[in-house]
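**Student:** One structure is given below, represented as structure tokens, and several questions about it will come after.
Any read-out appearing in this document is the output of simple, stated calculations on the displayed coordinates, not a laboratory observation. Remember, it's a predicted structure, so these values are computed and weren't measured experimentally.
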Ligand code: ARG
Ligand code: ZN
């Protein structure tokens, strides 16, 4: 028998903690959320609404320490549950009471509360921890990139376990307060709006808030010495870009690229509809990596992206992900095409607008570069497999699929689909199949064959010829 919550407030909350139930009614939450590519990612039995991270980081030693407070709601009667996390934990409390915990494997934290947690009730988990993220190796790899003056967490599909405990899968998005204290003269950059910063006893604390649902891998932290520029868009959104003071010859080109963030976002709004978040910007730490990541509201860019001069196209790619990837997220990781195919196609549209080649011309070029026996064509963008999740084919063949769609349904329907989709699935999750159905509905055409050819066949399709060619 479960007591129902009849009155709000502290009294009702304390009654909930005292629900009597036999142990048999309660079972452990699954150690994974059910993603076939990454069985250990995420967990079952609860849904997180908010993360509050209160941390301190010392660049000299790489020591990260602090407390994560997680607001969640149970989705089953739980005897215990997991968080995904790799650093050393010293204490866990569940609804105020000390809980038992154990590390199982590299990245699972198994938590057993003093009493079972009834389905559908709010639960607050406090995890106190400390560790050196660069020392956490999973399959020999660390996603924490140490720099001469700090460190950076920005990786896909998984970066959170190196710095905070979470339900580490895009299916469970939440809002975030990230508060990080660093030595004076150093900055801590994260997502959303910088609510405040203040200094005492030689340490400066930065308080960041991201107030729309956000996937754990899109939550970022960068500590280092940065030059920061701030602005507001005409619509009132705060814009904040951060550049490592140590970008060397790439500094000018980095700034010439990121300072176009507002312009790019305004153009993307004409294609995808209203920007979905509370802040804009980007950051360039002095890392040696060569990728970029669409960390929510504030993408991460590697300095190498600017080695050949300004690169507005990469800004277009990462900002396009704010709609396609961040607001609308993959359901399972095999749906990665709904992120990368569209972010790549946005770059083609930008080129079209800038007069540097139309999307059709770029599609023809990319297609011609790949002979029929190029292994490129064996990768299925609709289900590439975990080891090929970020293969170039997911991007380029993924964008070719969109050019084929555009040619099949015409510009009016195509752009209606591009703009309607982020509205239809705003702040949610979607599968490749959902997109196929959506495009069929908006265009009124059967499209299963077209998408099967472009997303699921391990061979080269016929070229996505322009509509009027050959008719
Ligand atoms: N989503 C990122 C992008 O827009 C891909 C990051 C892949 N990670 C990596 N280490 N390559 O390009
Ligand atoms: Zn991308």
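**Student:** I'd like the distance separating the alpha-carbon centroids of region 426-458 and region 42-120, in whole Å.
**Tutor:** That distance is 37 Å.
**Student:** Report Rg/Rh for region 45-129, rounded to two decimals, where Rg is the Cα radius of gyration and Rh the Kirkwood radius.
**Tutor:** 0.99
**Student:** Direction-averaged shadow area of the convex hull around the Cα atoms of region 225-278, nm²?
**Tutor:** 4.2 nm²
**Student:** Let me ask something else about it. Using alpha carbon centroids, what distance separates region 314-381 and region 223-255, in Å?
**Tutor:** With region 314-381 and region 223-255 each reduced to a Cα centre, they are spaced 26 Å.
**Student:** Follow-up. Per 10 Å bin from zero, what fraction in whole % of the C-alpha pairs of region 274-340 is there, up to the bin with the longest pair?
**Tutor:** Bins of 10 Å from zero give 21, 48, 28, 3 percent of pairs.
**Student:** Kindly express, to the nearest 10 degrees and within the range 0 to 90, the angle between helix 312-323's C-alpha long axis and the longest C-alpha principal axis of the chain.
**Tutor:** With both axes taken from Cα atoms, the answer is about 60 degrees.
**Student:** Under 4 °C and 1.567 mPa s, how fast does region 371-471 diffuse according to Stokes-Einstein, given a Kirkwood radius computed over C-alpha pairs? Answer in µm²/s, whole number.
**Tutor:** Taking Rh from Cα pairs, D becomes 90 µm²/s.
**Student:** Could you grab the relative contact order for the chain? Cα pairs under 8 Å, six or more apart, rounded to a whole percent.
**Tutor:** Value for the chain: 11 percent.
**Student:** Right, next: List the equivalent ellipsoid semi-axes of region 198-349 in whole Å, largest first, each obtained as the square root of 5λ for an eigenvalue λ of the Cα gyration tensor.
**Tutor:** Equivalent ellipsoid semi-axes, largest first: 24, 19, 16 Å.
**Student:** Is the shape of region 387-446 best called rounded, prolate or oblate, per the rule: a/c under 1.5 gives rounded, else a/b larger than b/c gives prolate, else oblate, with a ≥ b ≥ c the square roots of the Cα gyration tensor eigenvalues?
**Tutor:** Since a/c reaches 1.5 but b/c is at least a/b, the shape of region 387-446 is classed as oblate.
**Student:** Given axes a ≥ b ≥ c from the Cα gyration tensor, I'd like to know whether region 324-423 is rounded (a/c under 1.5), prolate (a/b larger than b/c) or oblate.
**Tutor:** Oblate is the answer for region 324-423, as a/c is 1.5 or above yet b/c matches or exceeds a/b.
**Student:** Mind checking the angle between helix 337-354 and the chain's longest principal axis? C-alpha axes, 0 to 90 degrees, to the nearest 10.
**Tutor:** So the helix axis and the longest Cα principal axis differ by about 50 degrees.
**Student:** What does the helix-only formula give at 222 nm for the chain: each DSSP H stretch with n ≥ 4 adding -39500 (n - 2.57), the total divided by the residues, and the result rounded to the nearest 500 deg cm²/dmol?
**Tutor:** It lands at -8000 deg cm²/dmol.
**Student:** Obtain the radius of gyration and the Kirkwood radius of the chain from its C-alpha atoms and give Rg over Rh.
**Tutor:** 0.99
**Student:** If all Cα-Cα distances of region 56-191 are sorted into 10 Å bins from 0 onward, what percent lands in each bin, rounded to whole numbers?
**Tutor:** 11, 42, 33, 12, 2
**Student:** On C-alpha positions alone, give me the angle between the axis of helix 392-424 and the longest principal axis of the chain, in degrees, nearest 10.
**Tutor:** Once rounded, one gets 90 degrees.
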